[in-house]
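This report refers to the structure that appears directly beneath it.
The values are calculated or read from the model by the stated rules, or taken from the named source; none is laboratory data. All values reported here derive from a predicted model rather than from experimental measurement. Positions of Cβ are generated from backbone atoms using ideal geometry, with glycine treated the same way; all protein chains shown enter the neighbour counts.
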Amino acid sequence: MSEIKIQDNIFTISTSPHIRAEASISKIMWTVSITLAPASLFAIYHFGISALIILLAGSLSAVGFEYIVQKLRKKPITITDGSAFLTGLLLAMCLPPAIPAYMAIIGSFIAIVIAKHSMGGLGYNIFNPAHIGRAALMVSWPVAMTTWTNLSGKVDVVSSATPLNILKQQGYSKLIDTFGSAPQMYKAMFIGVRNGSIGETSTILLLIGGIYLIYKGYANWVVPVFMIGTVGILTWVCGPTGLFSGDPLFHMMAGGLVIGAFFMATDMVTIPITKKGQMVFAIGVGALTVLIRLKGGYPEGVCYSILLMNAVVPLIDRSMKPIKFGARG
C-alpha cells in the first residue's frame with residue numbers, strides 16, 4: 001500500500017511501512033549496552049581483571065569481525081551502530097570469568113560471521129547471535145565452559161560451583177548449607193555475590209537495566225514477565241519432594257534467566273511479531289529452561305531454550321497472524 005502526500009501541488013508517493021519512530025538502531029543498541037554497564041562493572045569488581053579481559057575481548061573482537069565482514073562483502077560499514085558491540089558484550093557476559101580470552105574471540109567470530117552475516121546481516125538472523133556463539137563454545141570446550149572459580153577472593157559462599165551446579169549435583173539441602181540459610185542465599189543471588197557467568201550474578205542490577213529498557217519502549221514487558229513467571233510457576237509445582245515443593249524464587253534468580261529474559265529473549269529480530277506470539281514464545285522458553293534444569297544433563301538451559309524457540313518463531317508468526325482490517329469470517 002502506498003502513501004500519497006500533497007504539498008505545494010507536488011504528489012509524493014512512497015511505499016509502506018509508514019510508521020516513523022524517533023529511536024534509531026544506533027540509539028537502541030547503545031542504550032542497551034549502557035543498561036548492561038552496571039552489571040558489567042559489578043562483574044569486574046566481583047571477579048577481578050579476568051572479567052574485564054573477557055568483556056573487552058568479546059565486545060571489541062565482535063566490532064572487528066563486523067568491520068572485516070562488511071569490508072569483504074563490500075557493504076556499508078556500520079560498526080558505529082552498536083549492534084556488533086552489543087552482541088560481543090552479551091556473549092562475554094554469558095561466559096565464565098576464568099576462560100582464556102581467545103575463546104571469547106572465537107565466540108564473537110561465530111556470533112558475528114556465522115550467526116549474523118551468513119544470514120544477511122542485522123535484521124536477517126534467525127537465531128540470537130550471542131547465544132549461538134555461547135552454544136558453540138559450550139560444545140567445543142565443555143570443561144572450560146563449566147569450570148567455575150572464585151577469582152576475586154572477596155566471596156567465600158560458593159568457591160567452586162554455581163548455585164545451579166550445586167543443586168544439580170548435590171541437591172537442595174546442600175545448596176542451602178553452602179550459603180548458610182535460605183535468606184542468605186536469596187540475598188547473595190539478589191546482590192550478586194555468587195559464582196556464575198560474568199554478567200548473570202547480580203539480579204538487582206540486571207533488573208534495573210531491563211526495567212529501564214521497558215520504560216523506554218526498547219523491550220517488551222511480555223517476554224520477560226511470561227518467561228520468568230513460567231520458570232517460577234513450573235519450578236514451584238515440580239519440586240524436589242513432590243508437587244508444590246519447589247523454590248521458585250531461587251530458580252527465578254539463578255543462572256542466566258534474568259539476563260536472558262530481559263536482554264536476549266527480547267531481541268527484536270528473533271522473537272514473534274504479535275503480542276500473543278511473544279507470550280507463546282516466552283512460555284516455551286521458560287518451560288524448556290525448567291525441563292533442562294530439572295531433567296537434562298546441564299544445570300542451566302536458558303541459552304538452548306532461547307535458541308530452540310528462535311527456530312519455531314516463523315511457525316508462531318504464521319499461526320498467529322492478526323486479522324486483516326475489514327476481513328470477515
For this session: Select, from Ala287, Ala261, the only residue that is among the small types (Gly, Ala, Ser), surrounded by fewer than 19 Cβ atoms within 10 Å (Cβ to Cβ), outside any loop (DSSP other than H, G, I, E, B) and within 17 Å of the chain's Cα centre (by Cα).
Result: Ala287
For this session: Kindly establish whether Val69 is within 23 Å of Ile198 (Cβ to Cβ), modelled with pLDDT of 95 or more, more than 18 Å from the chain's Cα centre (by Cα) and not in a loop (DSSP other than H, G, I, E, B).
Result: no
For this session: From the list Leu243, Leu257, pick out the single residue that is in contact with a helix residue (DSSP H, G or I) (Cβ under 8 Å, 6 or more places away or on another chain), more than 18 Å from Ile191 (Cβ to Cβ) and without any contact (Cβ under 8 Å) to a residue 60 or more places away in the chain.
Result: Leu243
Exercise. Would you pick out the residues in the stretch 44-56 that are buried (at least 23 other Cβ atoms within 10 Å of the Cβ) and in contact with a helix residue (DSSP H, G or I) (Cβ under 8 Å, 6 or more places away or on another chain)?
Worked result: Ala51, Ile54, Leu55
Problem set entry | Residue under evaluation Thr235, criteria (1) at pLDDT below 95; (2) part of a helix (DSSP H, G or I); (3) not aliphatic (A, V, I, L, M), criterion not met | (1)
Problem set entry | Matching option when the condition is among the small types (Gly, Ala, Ser) and over 22 Å from Val285 (Cα atoms), among Gly209, Gly180, Gly196 | Gly180
